[in-house]
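Student: Please find one structure pasted underneath; my questions will follow.
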Amino acid sequence: MTVSTVVNHEQYDGNGTTTVFPYRFRILKDSHMVVTASNPDGLLTTLVLGTDYTITGVGLVSGGSVVLNSALATGWQISLDRDLPAVQETDLRNQGKFFAETHEDAFDYLTMLVQRALSVFGLALRKPSWIAKYYDAQGNRIANLGDPINPQDASTKAYTDSVNTASLNKTLRVPEVYVAPLPSITELEGKVIGFVGGKPVGVPVPSGSAADVLIQLAKNTGSALIGTNHRGTLASDLNAIDRRPDGYGNSIENVLANGKDVQIEKDISQAFPVILSQEQVFDGAGGKLNITSQTSSGVLADARSNANKDFIRISSAKLYGTVIDSDGSAAAVAAYGAFLRDLEYPVIDGLYANGFTGGVANINTVSSVIKNVRATNTVYHPTPVRGGYGVFLDETRQAIIDGVQFDASSANNGRHMLYVSRGGGGNTYDGCQNTLAVNMIGKYRNKDNRDFWGINVRKSTRTLVGNTIIEGAPGGVSYNVENGYIEKSMLFNLSVSVLKYQNGVGVYGVTQTYDASDNKVTGFLDSGLSIEVKPKDSTVNGSDCIGYSVAGTNGRIANLLTNISTAGTPILIQPGTKNVIIDGVLDYTSDNSSETLGAMITFTGGAGLCDNITVRGVKTPRKMFARLTGVTNLTVDYTRQARITVASGVATKFDDHELISTITLSSTAITIVFNAHATQKAIEDASVRPIGAYQVFMSSTANKTLVINTYTITGAVLNPLTTAISLGLVLYS
C-alpha cells in the first residue's frame, strides 16, 4: 500500500448547519484522528471520539469524513489532524528468500528516527492546533528575545521594565498602597482637588482668588479675558489672525461668519458651495475643496436673490467637483468652479477647477478681473447643449480675462475655452461689452465635433482677444451672429491648429458666421494670425478645410500666415461681406497631398453679394481667386491683363483674371463690359495697346464699360466688323 498524498490536515469554518467534514488522507485507526474545535474567542477544545463525533473511511486511501453529533456553530472552526504514535507494530517472520526480519529491522530503524524527530519537535514553541491563533509556551520562559520594533512584536522584560520606569518617573505618586479615584470631570469643573478622609474631592475656589483667575484663563474662553492694545482682547486678535477652518470646527461657513476671509490650508470635503458675501475673500492656502454634490459649484457669489456681494476675491483656489454629463438639470448646468453673478469688482487670481460644468461663470458683472485660471475635465451637457467651458462670460461689462489654460478631450470632456455669451443679465443691451481676453492656451485631444470651438463669441461690442494658442480643436475662433451684431472686435496674436475629423464636414480656423437676418461682425481688426487647418489622419481628405471665413463688414485682416491643406481654402468670403481689407498674407502648404490645389480666396453666394473687397500683399502658390462672380469692386495690388482678338466680326478674349463680361462689335467701336468685381477706378486707369500697325483710342470708361475706337496709322477709322484687330488690355493696381 502507498501513501499517495502529502495532506495530513483539514480545517473548516462552521455555519450552524454542517455536521459532515471530509478528510483526504488515510488513517489506519480511528484513534489516529485528532479533532479540535475553536470558539470565536480562540479557545480550543479537543473533541471526544464517540461522544462528540464518529469517523468514516478508516483505512481508505482516499480518506473519509468526521461526522459531528451536532452542527458546528457560525464563528467556530474545526481542525482534523492525523496523529500517529511513532511505533512500529508489525512483526514479520522470515519465509523463504523473503527475509522479513531484515525488512522489519529497517522499518524499526525508520520508526526510531521518526520518534527522535518527534522528540526534537516537541521542544519547539508550537501552536496547539492549526486553527489556534496563538503559540503555547506551556509555562516555560522564552529567553534571548530581541527588543520589540513593530507594534505587534513580543516584548522583553528589560524593555518592559524600562518603559514602566520611564512612565513611573513622570507619575504623581503616593506612599499608600491604594488611593480612591478622582471624582468625575463634571464634579471637578471649576474646582481644585482636596482630600477628605483620604479620598480626593473637588473644592470650590473662592471668587477672585488666584486659583479662580487661573481656572478662568485655562478655559477655552480664557483668551477673551486677556486684554490687548490691538482689538481689545486676545480672542479678537486670534480670530483676526487665524482664518483657517480647523480653528472654527472645520467649518468654512463659521470662519466667514466671523470675518471677511478664509484660508483653506488643508483638504476639505462638503456637499455645498462656499458662499461669499460682500468684500469676502477665499484664499486657497495650500488646501483644496472637494464638492461631493453633483449639482453644486465650488465657490458661489450670486447677488441676484441675495444681498450685495461686490468686491469679492478668490485666490489660489483648488476646487474639485463631481458633475456628470448625463445630468442636464439647471443646478448641474450651473455648477462651476466659481460662479459669479450680478456683482461689481469681483477678482479671481489663481483658480484650478476640475470636474465642474466649467471653470468660471461670470454673469452680469461689472469691472471683473479673472486671472490665472486652469480648467480641466469640464463637463459638457448634451441636454440642454451647455457647459464644458473654461471661462463663461454672459452680459459682462468691463471684463479682463488674463491667463487661461484649458484641456478638452474626447466625448463630453470640455467644449469652449472661452465663451462670450449673451442673454442672462436682463440688461437693455443683452451682450458683453468691453471684454479683454489674453494669454490663453487651449489643448484639445480627440475632439470630433466642430461645434466645440476653442473660442466662441456671440453678440457683443468691443471684444478683444489676443496672445492665444488653440491646438488640436475641431474649430478655432467662431464669431456667431445669430443673436445680433458683433461690433468693434479685435483678434490679435493668435496661433490656431484645427483638425478636420470627418469627410464632408467643414472646419474653420477662424469664422464669422453668415446669418440670413443680416446680423454681422462689423468694425473688426484682426492681425497677427497663424492658422493651420488639416485632416487629422490619412482617412480624411483635405477639402472643406477653411483658414478664415469672412462674413463681416468694415474690417481689416492683416499679417496672416496660413497653412491649409492642399484641397482646402485659406480665405473664404461669404455673402454680404462688404468694405473689407485683406492685407498681408503668407500662404503655404505642407501636407504633400496629390489633391487639386484650391484657390487662395473663394467667394460664395449669388452674384455680386460681396462688395468693396481689397486684397494686397498676398504670397501664395495657389490661384488667387475662385468664383469672382460673387464679388463687386474687388481691388488688388497687382497688374491684371487680358487680350482681345477680332476676326471676321467675331471677338475672342484671353482672360485669366476673369475681367471681361462681354465684348460687342460695331462698325466703329469695340465695347468691353467688365465683370462686377473690377472697380470703376481700375477701369478708368486702364490702358489698351494695339497688337499691330494701328492706333487705339478709349472714347468712354463709364459704368465699368470701355469703348475703344481703332484707326489706321493715317487716321482712317477701322471697322471691327470687317477688320482683324488684336488688343492688349491692362488693369493696374
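The values are calculated or read from the model by the stated rules, or taken from the named source; none is laboratory data. What you are looking at is a predicted structure, and each value in this text was computed from that prediction instead of being measured. FYI the Cβ positions are ideal-geometry reconstructions off the backbone, even for glycines, and counts take in every protein chain you see.
Student: Those residues that are on the phi > 0 side of the Ramachandran plot and either assigned to a strand (DSSP E or B) or not assigned by TED's automatic domain parsing to the domain that holds LYS447 (or both), I need them from segment 478-530; list them, please.
Tutor: Within segment 478-530, ASN493, GLY528 meet the criteria.
Student: What tally of residues in segment 66-89 results from selecting those that are more than 60 Å from the chain's Cα centre (by Cα) and farther than 30 Å from LEU110 by Cβ?
Tutor: Total meeting the criteria: 4.
Student: Kindly establish whether ARG415 is in a loop (DSSP other than H, G, I, E, B) and not polar (S, T, N, Q).
Tutor: The answer is yes for ARG415.
Student: Then there's this: For the structure I just gave you, tell me whether ALA473 is modelled with pLDDT under 95 and either of a type in the set (A, V, I, L, M, F, W, C) or touching a His at 6+ places or on another chain (Cβ under 8 Å) (or both).
Tutor: No.
Student: I'd like the full set of residues that are more than 23 Å from the chain's Cα centre (by Cα), closer than 23 Å to ARG386 by Cα and small (Gly, Ala, Ser), limited to segment 456-490.
Tutor: Result: SER460, GLY484.
Student: Also, quick follow-up: Does segment 293-303 contain at least one residue that is closer than 26 Å to THR365 by Cα, part of a loop (DSSP other than H, G, I, E, B) and more than 28 Å from the chain's Cα centre (by Cα)?
Tutor: yes
Student: Take the conditions touching a Cys at 6+ places or on another chain (Cβ under 6 Å) and more than 21 Å from SER590 (Cβ to Cβ) and apply them to SER527. Does it pass?
Tutor: For SER527, the condition - touching a Cys at 6+ places or on another chain (Cβ under 6 Å) and more than 21 Å from SER590 (Cβ to Cβ) - is not met.
Student: Where the second residue is among the β-branched types (Val, Ile, Thr) and assigned to a strand (DSSP E or B) and the first is farther than 14 Å from VAL323 by Cα and lies in segment 292-312, which pairs have Cβ atoms under 6 Å and are six or more apart or on separate chains?
Tutor: Once the first residue is farther than 14 Å from VAL323 by Cα and sits in segment 292-312, its partners that are among the β-branched types (Val, Ile, Thr) and assigned to a strand (DSSP E or B) give VAL299/VAL274; VAL299/ILE314; LEU300/ILE275.
Student: Show the residue pairs meeting these rules: Cβ distance below 8 Å; 6+ apart or different chains; first residue within segment 45-72 and free of Cβ contacts under 8 Å to residues at least 12 places away in the same chain; second residue in a loop (DSSP other than H, G, I, E, B).
Tutor: From segment 45-72, the pairs are THR45/ASN39.
Student: Right, next: Taking ALA180 as meeting all but one of (1) in a loop (DSSP other than H, G, I, E, B); (2) within 55 Å of the chain's Cα centre (by Cα); (3) surrounded by 10 or more Cβ atoms within 10 Å (Cβ to Cβ); (4) modelled with pLDDT of 80 or more, write down the number of the exception.
Tutor: (2)
Student: Another question, if that's okay. Which ones in segment 313-331 are surrounded by fewer than 24 Cβ atoms within 10 Å (Cβ to Cβ) and aliphatic (A, V, I, L, M)?
Tutor: ILE324, ALA330, ALA331 - these are the residues of segment 313-331 that are surrounded by fewer than 24 Cβ atoms within 10 Å (Cβ to Cβ) and aliphatic (A, V, I, L, M).
Student: Next question. For GLY472, state whether it is of a type outside the set (A, V, I, L, M, F, W, C), outside any loop (DSSP other than H, G, I, E, B) and surrounded by fewer than 21 Cβ atoms within 10 Å (Cβ to Cβ).
Tutor: Judged against the criteria, GLY472 is a match.
Student: With ASN456, ASN449 as the choices, which residue is surrounded by fewer than 24 Cβ atoms within 10 Å (Cβ to Cβ), at pLDDT below 95 and either assigned to a loop (DSSP other than H, G, I, E, B) or in contact with a His (Cβ under 9 Å, 6 or more places away or on another chain) (or both)?
Tutor: Being surrounded by fewer than 24 Cβ atoms within 10 Å (Cβ to Cβ), at pLDDT below 95 and either assigned to a loop (DSSP other than H, G, I, E, B) or in contact with a His (Cβ under 9 Å, 6 or more places away or on another chain) (or both) holds for just one of ASN456, ASN449, which is ASN449.
Student: Oh, and also: How many residues does segment 661-700 hold that are assigned to a strand (DSSP E or B) and touching a residue at least 24 places away in the same chain (Cβ under 8 Å)?
Tutor: 13
Student: Something else now. Output the residue which, of all residues in segment 326-353 that are in contact with a Gly (Cβ under 8 Å, 6 or more places away or on another chain) and part of a loop (DSSP other than H, G, I, E, B), is nearest to GLY284 (Cα to Cα).
Tutor: Only one residue tops the list, namely ALA335.
Student: Hey, among the residues in segment 400-428 that are surrounded by fewer than 24 Cβ atoms within 10 Å (Cβ to Cβ) and within 20 Å of VAL347 (Cβ to Cβ), which one's nearest to the chain's Cα centre (by Cα)?
Tutor: GLN405
Student: Condition test on SER277, is it assigned to a helix (DSSP H, G or I) and either of a type outside the set (A, V, I, L, M, F, W, C) or modelled with pLDDT of 80 or more (or both)?
Tutor: The answer is no for SER277.
Student: Looking only at segment 354-365, count every residue that is over 25 Å from LEU436 (Cβ atoms) and in a strand (DSSP E or B) and tell me the total.
Tutor: 1
Student: Of all residues in segment 491-512, how many are surrounded by 19 or more Cβ atoms within 10 Å (Cβ to Cβ) and more than 27 Å from the chain's Cα centre (by Cα)?
Tutor: Residues in segment 491-512 being surrounded by 19 or more Cβ atoms within 10 Å (Cβ to Cβ) and more than 27 Å from the chain's Cα centre (by Cα): 1 in total.
Student: Can you name every residue in segment 504-536 that is polar (S, T, N, Q) and at pLDDT below 95?
Tutor: Those that are polar (S, T, N, Q) and at pLDDT below 95: THR513, SER517, ASN519.
Student: Let me ask you something else. Is it true that ARG141 is at pLDDT below 70 and either over 16 Å from VAL20 (Cα atoms) or assigned to a helix (DSSP H, G or I) (or both)?
Tutor: Judged against the criteria, ARG141 is not a match.
Student: Another question, then. Read through the list (1) over 15 Å from SER368 (Cβ atoms); (2) small (Gly, Ala, Ser); (3) buried (at least 23 other Cβ atoms within 10 Å of the Cβ), then give the number of the only condition that GLY286 fails.
Tutor: Condition (3) is where GLY286 drops out.
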